[in-house]
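Here is the structure we will look at.
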Amino acid sequence: MKKLYTTLMVLLLAAVVPALFVSCDWDDDDEIAYTLEGTWRGDMEVYSSWNGRIYDATRTEITFLRDPYTYSSGDGYWVDFYSGAPWDYVANHITWRVDFGDIVIWFREEGTTVRIRDYRLNNDHFRGWLQDGENDVKFDLIHISSPNWSYYDHWGYDSWYDDRYWARTRTANDDDSTAATEKPVRHIGK
């Protein structure tokens, strides 16, 4: 009987110990998300095609806002800025999550997903590789601010589910009817 008890205890320990190590990955994801929170600016090698022409983004700003209930995921904004294009910027809502160290970003209006792997992240700098389908694109971003919940009120949209189509461009001349009806197509990787 004592031998059976000892065998059962060893089996129980063998089942419980691996579960303890798996939970460490969730803690790492929370720490990554905590460091990621805020606004980052830099080069994501983005360009847009519109009306048969190609326009390179001069910079990209990504804002990661953590969900206070899940900690390792959230929403945010991805804005590509242009110079010499018929528009000043292209903006999209994003939903993101940290998944066992990988950062997965979903563009809400476009319905596309990119994944960030093999990166280095600290409080000031975020660089690495972004995977968009078959493309692996190098990026380099600098942390420019921490969350400011009232910052995006000036964009005129206070709800994620506003009736208007939010992914939009802002042209130098907002009365240009061509720019208002056709949205440029964003591409990652030059």
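Within the stretch 40-59, is there a residue that is polar (S, T, N, Q) and under 17 Å from the mean Cα position of the chain (by Cα)? Spell out the reasoning first.
The first filter runs over the stretch 40-59 and keeps only residues polar (S, T, N, Q), leaving 48-49, 51, 58.
From what is left, the residues that are under 17 Å from the mean Cα position of the chain (by Cα) are none.
Within the stretch 40-59, not a single residue is polar (S, T, N, Q) and under 17 Å from the mean Cα position of the chain (by Cα).
Right, VAL104: under 10 Å from the mean Cα position of the chain (by Cα) and touching a residue at least 40 places away in the same chain (Cβ under 8 Å) or not?
Values: under 10 Å from the mean Cα position of the chain (by Cα): yes; touching a residue at least 40 places away in the same chain (Cβ under 8 Å): no.
In short, no.
Restricting attention to the stretch 64-95, and to residues there that are free of Cβ contacts under 8 Å to residues at least 40 places away in the same chain, within 10 Å of the chain's Cα centre (by Cα) and open to solvent by less than 20 Å² (accessible area, probe 1.4 Å), which single residue is farthest from LEU130 (Cα to Cα)?
Only one residue fits best here, namely GLY76.
The values are calculated or read from the model by the stated rules, or taken from the named source; none is laboratory data. As the structure is a prediction and not an experimental result, all values here were calculated from the model. Cβ: placed from backbone, ideal geometry, glycine included. Neighbour counts: every protein chain shown. Please note that ligands, DNA and RNA were not included when accessible areas were found on the heavy atoms of the full protein model with its side chains. Shrake-Rupley method; radii C 1.70, N 1.55, O 1.52, S 1.80 Å.
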